[in-house]
Amino acid sequence: MPTSDLAAAVDFWTRGLGFIDLFTVPGQVTRLRRWAFQDARLVPGRSRQR
């Protein structure tokens, strides 16, 4: 999932939604997991506008 602020997005997903940080490559990608089959990959970038 592209995000303009990777650190803020990781904070929201972990503290707000209960995900854990499986691994992070600083400034490039963060892989999060909550339960089985509930994974998210956050990357820096702009989200698509609809």
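The table that follows gives values for the structure above.
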quantity	calculated
One residue from Val29, Val43 being hydrophobic (A, V, I, L, M, F, W, C), out of contact with any Phe, Trp or Tyr (no Cβ under 9 Å at 6 or more places or on another chain) and open to solvent by less than 50 Å² (accessible area, probe 1.4 Å)	Val43
Check on Arg15, touching a residue at least 40 places away in the same chain (Cβ under 8 Å) and open to solvent by 80 Å² or more (accessible area, probe 1.4 Å)	no
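The values are calculated or read from the model by the stated rules, or taken from the named source; none is laboratory data. All of these numbers come straight from a predicted model, not from anything done at the bench. FYI the Cβ positions are ideal-geometry reconstructions off the backbone, even for glycines, and counts take in every protein chain you see. Ligands, DNA and RNA are excluded from the accessible area calculation, which covers all protein heavy atoms including side chains. Shrake-Rupley method; radii C 1.70, N 1.55, O 1.52, S 1.80 Å.
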